[in-house]
Amino acid sequence: MMKLIKILLLSTISLVLMAVIAVALAFYLIDPSRYRPAMESVFAKQTGLELRIAGEIEWAFNPVFGLSISDLRLINPNSPAELASLSNIAIKIEPRALLDGRLQMQEFIARDLHINWIVDAQGNGNWPKQTDAEQASAPSSNSAENYDISAAIAQITVSNASIAIQDAQMGVNSNFENLNFSSQNSNVENRPFPFELGFELRDNIAEQNASISISSTATVDLARGNARLDDLQIKLNPLQLTGNIAIDDFNNTLAWRGQLASNTFALSDFLDLYARTEEQSSQAALGEYSTADDQFSLNVEFNGNSRQINVPTLAIALDNMRVGIDAGYTFATENTLANLRYNVNANALDLNRYTVSVEAEAAAEVADTPATPAAASAAARDIELPIELLQSTNIQARHTIDSLAIAGLQFGTIDAGLTVQAGVLNLELSPVPFYSGQFNGSINYNAHYNPASLTSISSMRNVNVGQLAEALPFAEFAQGRFSVESAYSLRGRTVNQLLNSVTGSTSFSLNDSAIDIGIVKQLFSSISVLSPAGTGDLAQSWPDLVRFNSLTGNLTLEDGIDQGQKINVSMDNFEIAATGGVNLADENFNYNATLTVFGPPATQTIPVAPLYQGVGWPVVCNARFDAPFSEYCGPDFGRVRELFVE
């Protein structure tokens, strides 16, 4: 018995030694560099791209038993820019396959992978675009049978990878850095396997960074064309999304579906990290709100196929506020335009804490006066209108909001419909309650005309100016019920073209009015002290706040806002007439005005001596937008002296 055991033991040891010697001989006799041409050739046949192995191919025992390949380059023969580079790959292989002269890969470990994605302004990229014909003629995976190479990679690890994206056409300049990926038991035979992906996203334009991680259990059935991501987790602190995504029959009739839900987190924290600048964060402070009143969450369901995308549910919750969206998009065909349909429904929305009030914005502009050149250059930049989108997509949309508080302003129920049909946009806004009054309007933009034309009609009725002044400080000079009627036509394909073509008129009135006439007093004080009759400061005894029986006016524009504007304002026995324009690029205005005071039978709300009646006193209004109100206008002293002489 002992002899039998000894024989078995010796036989086992001999077999192990023979196996070790065989493997050692295989490593000694087989030069791994022999696989270089085969690897490069297989890759070229499978992808149409050129793989250059510029470094060494060596046997390795750490981190895996197999091959170590250094300095790999991926090149598109039709592009001068390098597609990707890789400092080192470690590939775990099956030792027994070496004895048959085969290279069977089982595990893949890549380090310092870098990918370049470059698109110029014309849409030409360094990565090739595969046509339908190329896809049909692409070789299948078994074309590697002519080579002594096979792959059944169960584990993939990528560490310290990076991706540089420069898309001049889309205006994107971003980097994915410190990208790490790992998976275990990877397969395409419908067996679940876990994976993890993490990276840092850097937006070089906005100068913002974000750390993102993704993990899931994937199931891929390559033969049937199905894939699933279960227990999906996406983390972008403080946001965490969980859910699942499924893709069906991607080899033939592609379809997908999924559902994602977020955790509940403080929205201001997210905005401060990824959306708002430091200045915006300080201006949009929570004020009386605490982080406990700033809780945000969302839930979305989606599905689609090669013909359409549907979002039956997008539910957003912020404290007691709720927004529900359902949408559907159908791709264009040879005979039909693309079609977008969506509905937005919301209850009472209070977004004051996330937006800068008009008063705070005005204060910031005054404090920021030295930075005027940057603001001016921004205003001077022109913006193309989405003409191509209007001509290629039909849109049907409805927006319903119970009430809206934003930037210090309060709006009642909002009901707005938007349609785009064959290049013609129509926006209809039903009457919206607004500070004890209401406003409504409509916009029509027809992209078929050359140049494209826009028509705007709006109305505001009986708005309480005193209440409005609490949100808009510049309205504090008046009290009463304000009404406006406007109709304008514009032409152009850019914002500046529209502004330079504005033609139309606005009429307005203020009932039950009380006006702070401080600037009028200032003007008449300056005029009267020049009088040779020695009347002195005529306006010194006038009250600051005056109630007029009638205050009406109108504004007429013709071919733009920078010049040719005509303004007329009547306040009982006072009348102001002005011509001029506004320069948005330089943020200033320039008007030549006349101030006329009438005697009886006009209502003598402010009696003025006959010497000053019936004369158009010349006034110059020339100032920057951010100048103090008292500096907006002043008498044309030269012309005033001439009038007194006459």
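The values are calculated or read from the model by the stated rules, or taken from the named source; none is laboratory data. These numbers come from a predicted model, not from an experiment. Glycine also receives a Cβ, built like all others from the backbone with ideal geometry; neighbour counts cover every protein chain displayed. These accessible areas exclude ligands, DNA and RNA; they are computed on the full protein's heavy atoms, side chains included. Shrake-Rupley method; radii C 1.70, N 1.55, O 1.52, S 1.80 Å.
With respect to LEU490, is the statement that it is in contact with a helix residue (DSSP H, G or I) (Cβ under 6 Å, 6 or more places away or on another chain), surrounded by 18 or more Cβ atoms within 10 Å (Cβ to Cβ), aliphatic (A, V, I, L, M) and under 21 Å from THR603 (Cβ atoms) true? Write out each step before concluding.
Details: in contact with a helix residue (DSSP H, G or I) (Cβ under 6 Å, 6 or more places away or on another chain): yes; surrounded by 18 or more Cβ atoms within 10 Å (Cβ to Cβ): yes; aliphatic (A, V, I, L, M): yes; under 21 Å from THR603 (Cβ atoms): no.
Considered against the rule, which asks whether it is in contact with a helix residue (DSSP H, G or I) (Cβ under 6 Å, 6 or more places away or on another chain), surrounded by 18 or more Cβ atoms within 10 Å (Cβ to Cβ), aliphatic (A, V, I, L, M) and under 21 Å from THR603 (Cβ atoms), LEU490 comes out as no.
Quick one: what pairs do we get from region 557-580, first residue farther than 20 Å from ILE519 by Cα and open to solvent by less than 40 Å² (accessible area, probe 1.4 Å), second assigned to a strand (DSSP E or B) and among the aromatic types (Phe, Trp, Tyr), C-beta under 9 Å, 6+ apart or different chains?
The qualifying pairs are LEU557/TYR488; GLN565/TYR591.
Only one residue in LEU72, LEU103, LEU86, LEU67 is at pLDDT below 70 and of a type in the set (A, V, I, L, M, F, W, C). Which one?
Values: LEU72 fails: at pLDDT below 70; LEU86 fails: at pLDDT below 70; LEU67 fails: at pLDDT below 70.
Being at pLDDT below 70 and of a type in the set (A, V, I, L, M, F, W, C) holds for just one of LEU72, LEU103, LEU86, LEU67, which is LEU103.
Does region 608-636 hold any residues that are in contact (Cβ under 8 Å) with a residue 12 or more places away in the chain and out of contact with any strand residue (DSSP E or B) (no Cβ under 8 Å at 6 or more places or on another chain), and which are they?
Taking region 608-636 and keeping what is in contact (Cβ under 8 Å) with a residue 12 or more places away in the chain, we get 608-609, 611-626, 629-630, 632-636.
Within region 608-636, ALA609, LEU611, ASP626, PHE629, SER630 qualify.
Just one of LEU551, LEU523, LEU584 is open to solvent by 40 Å² or more (accessible area, probe 1.4 Å), in contact (Cβ under 8 Å) with a residue 60 or more places away in the chain, among the aliphatic types (A, V, I, L, M) and in contact with a Leu (Cβ under 8 Å, 6 or more places away or on another chain); which is it?
Working: LEU551 fails: open to solvent by 40 Å² or more (accessible area, probe 1.4 Å); LEU523 fails: open to solvent by 40 Å² or more (accessible area, probe 1.4 Å).
None of the other options fit; the residue is LEU584.
Please find, within region 349-407, the residue that is modelled with the highest pLDDT out of those that are within 23 Å of LEU267 (Cα to Cα), out of contact with any helix residue (DSSP H, G or I) (no Cβ under 6 Å at 6 or more places or on another chain) and assigned to a helix (DSSP H, G or I).
By that ranking, first place goes to ASN352.
Any idea which of SER458, SER442 is open to solvent by less than 60 Å² (accessible area, probe 1.4 Å), on the phi < 0 side of the Ramachandran plot and touching a Gly at 6+ places or on another chain (Cβ under 6 Å)? Write out each step before concluding.
Details: SER442 fails: touching a Gly at 6+ places or on another chain (Cβ under 6 Å).
Only one candidate qualifies: SER458.
Tell me which of these ILE149 doesn't satisfy, since it passes every other one: (1) at pLDDT below 85; (2) in contact with an Asp or Glu (Cβ under 8 Å, 6 or more places away or on another chain); (3) open to solvent by less than 70 Å² (accessible area, probe 1.4 Å).
Of everything listed in (1) at pLDDT below 85; (2) in contact with an Asp or Glu (Cβ under 8 Å, 6 or more places away or on another chain); (3) open to solvent by less than 70 Å² (accessible area, probe 1.4 Å), ILE149 misses just condition (2).
If you scan region 606-620, which residues turn out to be farther than 19 Å from LEU530 by Cβ and open to solvent by less than 20 Å² (accessible area, probe 1.4 Å)? Talk me through it step by step, then tell me what you get.
Step one: filter region 606-620 for residues farther than 19 Å from LEU530 by Cβ, giving 606-607.
Across region 606-620, the qualifying residue is only ILE606.
Identify, please: which residue in region 229-264 is among the acidic types (Asp, Glu) and assigned to a strand (DSSP E or B) and is, among those, surrounded by the most Cβ atoms within 10 Å (Cβ to Cβ)? Working first, answer last.
To start, the set of residues in region 229-264 that are among the acidic types (Asp, Glu) comprises 230-231, 248-249.
Of the ones still in play, those that are also assigned to a strand (DSSP E or B) are 230-231, 248.
Working: ASP230: 14, ASP231: 13, ASP248: 17.
Per the stated criteria, the residue is ASP248.
If I ask for residues that are within 28 Å of ASP512 (Cα to Cα) and either in contact with a Cys (Cβ under 8 Å, 6 or more places away or on another chain) or of a type in the set (S, T, N, Q) (or both), which ones from region 435-494 would you list?
Listed by number, the residues that qualify are SER436, GLN438, ASN440, SER458, SER459, ASN462, ASN464, GLN467, GLN479, SER483, SER486.
Evaluate region 537-546: report whether one residue or more is within 29 Å of LEU409 (Cβ to Cβ), open to solvent by 40 Å² or more (accessible area, probe 1.4 Å) and assigned to a strand (DSSP E or B). I'd like the intermediate steps shown before the answer.
First, pick out the residues of region 537-546 that are within 29 Å of LEU409 (Cβ to Cβ): 544-546.
If we keep only those that are open to solvent by 40 Å² or more (accessible area, probe 1.4 Å) as well, we get 544-545.
If we keep only those that are assigned to a strand (DSSP E or B) too, we end up with 545.
Checking region 537-546: at least one residue is within 29 Å of LEU409 (Cβ to Cβ), open to solvent by 40 Å² or more (accessible area, probe 1.4 Å) and assigned to a strand (DSSP E or B).
Quick one: which strands (runs of 3 or more DSSP E) sit completely within region 421-525 and have at least 2 residues that are within 30 Å of THR594 (Cβ to Cβ)? Show your work before the answer.
On the way: elements: 424-434, 437-446, 453-464, 478-491, 503-516.
By residue number, 453-464, 478-491, 503-516.
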